Structures are given as structure tokens and as C-alpha cells.
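Data block below; observations after.
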Amino acid sequence: MSEEEDDRLKSCVLSFDYRASDSINSDFDGAAELRIRDVFGKENTSAAMDCNTEVGDSISQLPEEILCSIVSLLTLREAARTSVLSRRWRFLWRSLLKLNFDITNMTGDTILQQHDKGRFVTWINQVLKHHAGEKIVSCRVVYPLGGEYGQDIDQWVQFVAAKDVEELHIKLTTCHLLHQDYTLYEFPYWFFAQGGRRSSLKCLSLNSCSLSLPQNFRSFSSLVSLCVKNTRVSEENIQNMLSNCLCLEQFSISKCYCPIRLKIANGDKYLKLKHLNLTFCRGLEVVEIYNAIDLASFECRGDVLRQLLFKNSLQPVRVCFFPVWNTLAGINYAFGRFATDFPQLESLFLGFARVEGDMIPKQLPTFTKLKELVLMVVKPSPTSVLEITSSLVKASPFLRKLQLHLPYKSYRGREKISLEKSKSESESFQHEQLEEVEIFNFHGAEDEVKLAIYLLRNMVVLQKMKIIRKGQLYEGDSKWMESSLPTAIEREQVHKRLAQEFEGAGVSEAKLVQGDGGAAVRPDLGESDFGNGGCDEEEEDTDEGSKGSHCCKQTDDSTLSLSLFALNLIE
């Protein structure tokens, strides 16, 4: 490739300039027009290559393998910008190990422009044409492309398959749920079997693609994670996937049209499946899981299953259950036979669109092994969150960690917080195991303060409570997204109100610590895949005085016994 051609390609990559894209195969003088911004945001021309890079440039002296690793951590646009740093860096970006072809990644614009499909396809074609690396670790394509671009997509898949790609993500729609008659792109699995070799593919995610594996297709023997979304699946289709992907550990079926009964099995052979996700699967009523002896977690969101059978399978210890379309049926199941269906349950994510007080039964079955609980209620109801939290905590005698995601509320006419100390609960209840509580999306409303007070009074070994103003949304498969909705909280009033509860509980000393940041989005509440321990890296350093601050233990049953307690009010 000549320097002039390289300049044209960089111009296309950096700005997604459609004129540059169209002129790559023309006489367009890219070198004359090229003006790019380096990683510090300053404008440079291609003449920047001529600068003396030997003085004070210790990074460029590193081995090429290390430089390639550094560049691979950047987006494609950022990587292309490094080509102006020195002649040593000029072509490194063309050996990227990770390719992310996302319209947002390219332009920074979240609004997709349908008429730009042709230019988007040309952009990818040119980047792949000039890719100089021997290996591609991951490739991601996100754009609503129709069947008319099937040949181009085939070429992309063939290219990355030949480069031993390990992770491949293809998303060809922006729809949340496709129409049943939508024409799907047929994923060309056969490219991974060319030459009789077995592919290196470990993770495959397909959105709006049809995956129809034949029997005895062994080239996916290294596949560990498979996600199919916005497509149609049949029992035969699922069994072929499982029989061909013998190392599969994570299997996700999302927003798919399914038969009424779905059998998860590979004949009489054992599955290595550890995580199964069935999300928004229209029509699915009965699921049978066979020979999944390593199954550890199960996720079900959307319709409530009429029947769930585990046959010769390990009972999962982590479960996510979020009924969306029939809340009452979901509540009846969650507070009915749920504990019987999952007797080994240790970690539970429970979500509801809305819960009314009269929906909650007076007596819940006991979760005998539950240690971690994540509870999310999306729409507000005057008393539901306190009632459902109280009921679940009482039904979980060995619960250690509790994470609450409160409903989103309108801030208009929000009631002010009463600074008067509340009266003691009439019922006598104390939980003797719960040590840690996190409350997300805290607005400072009176019912939310009452919830925090209830937990302070009745959790007798509570060591830590975090109150986080920012909300979070659960995306599925243990992934969280931070909400962009505004927050409002009467900080000082909440601080004073809860401080009164400390005094009333007989605690002589307590540190109320203000965190300086929001909750980080990552799913790791202890050993749970579903919880989000949002601010763990901040909690110990927010105030040196809070570290090791002891609260006096009271032996009287009417007081709260706390040790090493810190109450965090997080931004």
C-alpha cells in the first residue's frame, strides 16, 4: 500500500468522511486533504510524521508486540490517530486485534442514519481489505443491515474466520422484538470449517441472524458462549447447537420466537452448561433441562413459565427471575413454588415491573439457603417496596447481603422528609444474619427513608449500608447499565433523619461517610453474577475515620447491635 492510499484509508476511518470513503478507489488526493486529530485533540497533518521521534519518545522504543497490544486497547478511530505519532507507529493500527464496527463507535452519534448503509459497508470493506495482522481476537458489527448486504457480511465473516477470531458479535437490527415474518440473515457457519480445521471461536453472539447448524458439525468444539437474539428457534435447532458445541458453558436465547415446549438436551450426553438465559421468549411455556450436571445459574425474564423441569441436572444456586408481561402471575410463582423449584438457591435476582401491597401473600415459603438477594421494582407504589422487602427478608433467615433497586419516581410534588423520629414498629422482628445493604436510585422520599430506617432497626448485625443516588438498569446476562435519569435527594435531611435512628438504636458512635462518586457498573456482589457491588473500590477510602470505627454493641434486645458500621451516602 502506498503512503497516499494509506492516507486515504485513515481519512475514512478517522472521520467516517463519506467523500473520503467514496474516493478510496478514485483519484481523490487524500494526502492533500488529510487533517487528523492526535490523541490529545490537536490538529495535525501528515507532515507530523517528519518530527524527530527519537528525543524523549521512550514508548516507541518498546517491542512491536507491546505496541500492538497498546493500540489494540483503543477504538478503531483512536488507533488510527496514533499513526501521526511517529513513523514507527504509522502502520501499527492496521494490525488491530480487536475490530469494533459500530456506527456510534465510528461517528460518536447514537442516531442511526438509514441512508448511510452503503457507506458503512464500504468503510468496513476497506478496513478489512488493508488489515495487516495475522490474528483477530474479536470482531463486532452493529448496524441495521438488510438482506441486500448479505454477500458483504459473508465476506466479513469469512475474513475473520480465516484470522482465527475468538469472539464474534453481529447485531443487524435496532428493534427490540422482530416481527415473525422478518427476513433474517443466514449466518455462514461453514466458513469456520474450511480446510477441515476446527475454529478458535469461543464466543458467538448473533442478533437478527439465523443459525441452523447441521448434525455432526464439529468446528464449533471450542465455543464456550453462545447468544442468539431476535430470531426463530426450534427444539431441533437447539439440540443441534448443543450437540455441536460440546464445550458450551453459557447459552442465551433472547427475544426469540419459540415453541411451547423447549428441551435443553444433547441426547443422553452430559452438558457442560453452567449458565442458561431465557429472556422474552414469546410462546414458551415449558422448559425441560436434561443432564446439565454443572448448571450453576439460570435466568428467566419475560413470560412466566408454566413448568420448569430439571432432569438429571444440578439445581442452580444463582437465579434471575423477572416477569414482565404478567406481574401477578410472576408474584404468585415467586412467592409460591419458586422456593421448591430451586431448593439449592443461594443468590437471587428478583425483579418486578410493579408490585401492589395486596399482591404480596401474608406467608412466604422459606428460602433456606439464600445468602444474597437483589430486588428491583421498576414502577412506584406507596408501600410495596417496604412490604416486599420485609417479607423476603423474613423468608430468608440466612441472608447476608441485600441490594435494592428502588422505583423511578416523578420529582414533582415530592413530599418533604419528616425530621421527626418515627415510632417503633409494632411487630417484633430481628434478622440475625444480614450484614450488608445497598440501596440504589434513592430519591429521598419519605417511604424510602422509612425503608432504610426499617433495615437499620431490624437487622441486628448490620455492618454496612450504602445509599446510592444513581439508578441502574439490568440488561441481562449479568450486565448492568447506569441510568441517565436525573436524581434528586434531600441530602442533609436524609443524613439527619438516619442519624437520629442511630441514636435511637442505642449506638454511641457512628460514622456517616459521603462517597465522592457514583456506582460503578459491574456485576459482582460477592460470588453472585447478578448483584452489582457498585462502589467497593471507593468505600474504604472515602473517609479514613470510617475505617475501623467501632460502634458500641448493646446486649439489650430492644437495641441495635452494630459492629464496624459505616453508612455511606453515595452521589
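Summary of computed values
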read-out	value
Neighbours by Cβ (under 6 Å, 6+ apart or cross-chain): first from segment 253-271, on the phi > 0 side of the Ramachandran plot; second assigned to a loop (DSSP other than H, G, I, E, B)	Lys255/Leu177; Lys255/Asn230; Lys255/Phe280
Every residue from segment 329-374 that is polar (S, T, N, Q), modelled with pLDDT of 90 or more and farther than 22 Å from Phe440 by Cβ	Gln344, Thr366, Thr368
So Thr231, is it surrounded by 19 or more Cβ atoms within 10 Å (Cβ to Cβ) and either touching a residue at least 12 places away in the same chain (Cβ under 8 Å) or in contact with a Ser or Thr (Cβ under 6 Å, 6 or more places away or on another chain) (or both)	yes
Which listed residue, of Leu168, Leu213, is of a type in the set (A, V, I, L, M), assigned by TED's automatic domain parsing to the domain that holds Arg282 and in a loop (DSSP other than H, G, I, E, B)	Leu213
Residues of segment 273-295 satisfying the condition of being in a loop (DSSP other than H, G, I, E, B) and buried (at least 17 other Cβ atoms within 10 Å of the Cβ)	Leu273, Lys274, Phe280, Cys281, Leu284, Asn291, Leu295
Residues of segment 201-221 satisfying the condition of being among the hydroxyl-bearing types (Ser, Thr, Tyr) and either surrounded by fewer than 17 Cβ atoms within 10 Å (Cβ to Cβ) or in contact with a strand residue (DSSP E or B) (Cβ under 6 Å, 6 or more places away or on another chain) (or both)	Ser205, Ser210, Ser212, Ser221
Checking Leu392 against (1) more than 18 Å from Leu328 (Cβ to Cβ); (2) touching a residue at least 40 places away in the same chain (Cβ under 8 Å), the condition it does not meet	(1)
In segment 374-397, the residues that are outside any helix (DSSP H, G or I) and more than 17 Å from Thr340 (Cα to Cα)	Val374, Leu375, Met376, Val377, Val378, Lys379, Pro380, Ser381, Pro382, Thr383
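Condition check ((1) crowded, with 20+ Cβ neighbours inside 10 Å; (2) in the same structural domain as Phe187 (by TED's automatic domain parsing); (3) modelled with pLDDT under 85) across all residues:
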{"site": "Val84", "(1), (2), (3)": "yes, no, yes"}
{"site": "Arg87", "(1), (2), (3)": "no, no, yes"}
{"site": "Phe91", "(1), (2), (3)": "no, no, yes"}
{"site": "Val141", "(1), (2), (3)": "yes, yes, no"}
{"site": "Gly150", "(1), (2), (3)": "no, yes, no"}
{"site": "Phe159", "(1), (2), (3)": "no, yes, no"}
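The values are calculated or read from the model by the stated rules, or taken from the named source; none is laboratory data. Quick caveat, the model's predicted, so the values are computed rather than measured. FYI the Cβ positions are ideal-geometry reconstructions off the backbone, even for glycines, and counts take in every protein chain you see.
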